[in-house]
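Undergrad: One structure coming up, written as structure tokens, with questions to follow.
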Amino acid sequence: MTTTTRGYEPSDNLVSLQSHILAEETKYPSATGEFSWIISAISLAGKAIANKVRHARLQDVLGEAGAENVQGEKQQRLDIISNSILMRCLGSRASVAVIASEEDEQPTIIRRGHEGGKYCVLFDPLDGSSNLDVGVGVGTIFSILRNDPSIHEAEQTVCQRGATQVAAGYILYGSSTLFVVTTGHGVDMFVLDHSVGSFLLVARGLKMPRAGKTYSVNEAYSAQFPDGYRKFLAYAHDNGYSSRYIGSMVADVHRTLLNGGVFLYPPTKKNPEGKLRLLYEANPMAMIVEQAGGIAYSGDVRTLEIQPAKLHQRVPVLLGSADEVERVRSFLK
Ligand code: AHM
Ligand code: MG
């Protein structure tokens, strides 16, 4: 196999996500195969959500649902549909202990540890959904944690440091449907082939560029950013950087992963803690980025080291190519 300039090995053989995860599991003699059932549930949900997203305008399911989620954000009809698809796909899998979603106030206990519940699955079912009406790429972000059977309270169970994630990933519903996942041994990327109905491996061991002169931030809020971020932006303006911001985290992080650069969502006056959620947005993206050789920080702490206090906790996000993240950090000191 050859390594391309994008820093990943293209896969010559036809390998589905399902068979890839099963093959990975055989490397661990103690693995029972239960974990692969969880990935298969997320992949099934991804196919169903991709289908809904593609047909949303034709089936007239775009627009707001008329309700707000627990975080006071307007729910789109597709947020609710995607949430329910994930719940239905994951709810039947034997090893799922707890499910937690951006759309639900509290995590749902599916089964206790003594009933076989081994894993907690956290997700943002349809991130960037306010972009749906205009046909922009949106995504599902997920994080998988081990269930500690000695903890009985669901929110406490899922409040684990990102460094303990067993797996993390996202599905991007864009010009193609992509499944990007890590189980802690590099990052692999799959594309949904509608003709065979499977996510097929297109890149194994994806590595992001070490540097990249692109920054991705909602610059309209820059007057509200802490000084260091504004100094970095001034530096970027003077040093030939480009700006790319879709306003859909999965799409913006995916571009940063492939092309390099830095993605930021700093604290603002409106969101002094940052806007993005630690457990099901920042942590899974941080794991993916670090596994691809990048860096992820929230303020002056490595995102994956933060001990969460609550399910819907927000954090500032700074992630991307190692050199670029370090450059931003040098302005923040
Ligand atoms: P959501 O989870 O309610 O969809 O919000 C998260 C989205 C991210 O996808 C994106 O990075 C960010 O909000 C954009 O926020 P803003 O419009 O403030 O730039
Ligand atoms: Mg979101």
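The values are calculated or read from the model by the stated rules, or taken from the named source; none is laboratory data. Values in this document were obtained by computation on a predicted structure and should not be read as measured data. Please note: Cβ atoms are built from the backbone with ideal geometry, for glycine as well, and neighbour counts cover all protein chains shown. Surface areas here come from the heavy atoms of the whole protein model, side chains and all, with no ligands, DNA or RNA. Shrake-Rupley method; radii C 1.70, N 1.55, O 1.52, S 1.80 Å.
Undergrad: At a 1.4 Å probe, what is the % contribution of carbon and sulfur to the accessible area of segment 54-106?
TA: 46
Undergrad: Once neighbouring chains are kept in place and the probe is 1.4 Å, which whole percent of the accessible area of segment 122-175 is contributed by carbon and sulfur? It would help to have the intermediate numbers written out before the result.
TA: Details: 860 of 1810 Å².
Ligands and nucleic acids excluded, carbon and sulfur reach 47 percent.
Undergrad: Hey, what's segment 214-332 come to in accessible area per residue, 1.4 Å probe, Å²?
TA: Values: 4350 Å² over 119 residues.
On a per-residue basis, segment 214-332 sits at 37 Å².
Undergrad: Using a 1.4 angstrom probe on heavy atoms only, work out the carbon and sulfur share of the accessible area of segment 262-333 in %.
TA: Values: 1230 of 2510 Å².
The computed percentage sits at 49.
Undergrad: Distance between Cα centroids, segment 17-49 to segment 216-293: provide it in whole Å.
TA: 31
Undergrad: With only alpha-carbon atoms counted, please give the Rg and Dmax of segment 35-97, in Å.
TA: Spelled out, the Cα radius of gyration and Dmax of segment 35-97 are 13.3, 37 Å.
Undergrad: I would also like to ask the following. Need one number: % antiparallel among DSSP beta bridges in segment 214-332, to the nearest 5. It would help to have the intermediate numbers written out before the result.
TA: Values: 10 of 14 bridges.
The antiparallel fraction comes to roughly 70 percent.
Undergrad: Arranged from highest to lowest average of other beta-carbon atoms within 10 Å per residue, in what order do the peptides 112-118, 251-257 appear?
TA: Working: 112-118: 14.0, 251-257: 25.6.
Result, highest mean first: 251-257, 112-118.
Undergrad: Leaving out ligands and nucleic acids, note down the accessible area per residue over segment 60-194 with a 1.4 angstrom probe, in whole Å². Before the final figure, lay out each step's value.
TA: Details: 5090 Å² over 135 residues.
Here the per-residue accessible area is 38 Å².
Undergrad: What does the helix-only formula give at 222 nm for the chain: each DSSP H stretch with n ≥ 4 adding -39500 (n - 2.57), the total divided by the residues, and the result rounded to the nearest 500 deg cm²/dmol?
TA: Numbers: 8 runs with 94 residues, N = 333.
Rounded to the nearest 500, it is -8500 deg cm²/dmol.
Undergrad: Assign unit charges at the C-beta atoms only (+1 for Lys and Arg, -1 for Asp and Glu), then state the dipole size of segment 214-332 relative to its Cα centre in Debye, rounded to the nearest 20. Write out the running numbers ahead of the final one.
TA: Details: 13 positive and 12 negative charges, 79 e Å.
It works out to roughly 380 debye.
Undergrad: Run through the DSSP bridge list for segment 12-203 and note the antiparallel percent, rounded to the nearest 5. Numbers along the way, then the final one.
TA: Numbers: 35 of 40 bridges.
Among the beta bridges of segment 12-203, antiparallel pairing accounts for roughly 90 percent.
Undergrad: Could I ask something else about it? What translational diffusion coefficient, to the nearest whole µm²/s, does segment 67-175 have by Stokes-Einstein, given a Kirkwood radius computed over alpha-carbon pairs, a temperature of 20 °C and 1.002 mPa s viscosity?
TA: On the way: Rh = 14.5 Å.
Calculated translational D: 148 µm²/s.
Undergrad: Which shape class applies to segment 12-203: rounded if a/c is under 1.5, otherwise prolate when a/b exceeds b/c and oblate if not, where a ≥ b ≥ c are the square roots of the Cα gyration tensor eigenvalues? Intermediate results must be reported in sequence, preceding the final value.
TA: Details: a/c = 2.08, a/b = 1.14, b/c = 1.82.
Judged from the Cα gyration tensor, segment 12-203 comes out oblate (a/c at least 1.5, b/c at or above a/b).
Undergrad: Ratio of the chain's C-alpha Rg to 2.2 N^0.38 Å, to two decimals? Can you show the working numbers first?
TA: Values: Rg = 19.0 Å, N = 333, 2.2 N^0.38 = 20.0 Å.
Normalised by 2.2 N^0.38 Å, the Cα Rg of the chain equals 0.95.
Undergrad: Restricting attention to the alpha-carbon atoms of segment 214-332, what are Rg (one decimal) and Dmax (integer), both in Å?
TA: 13.0, 40
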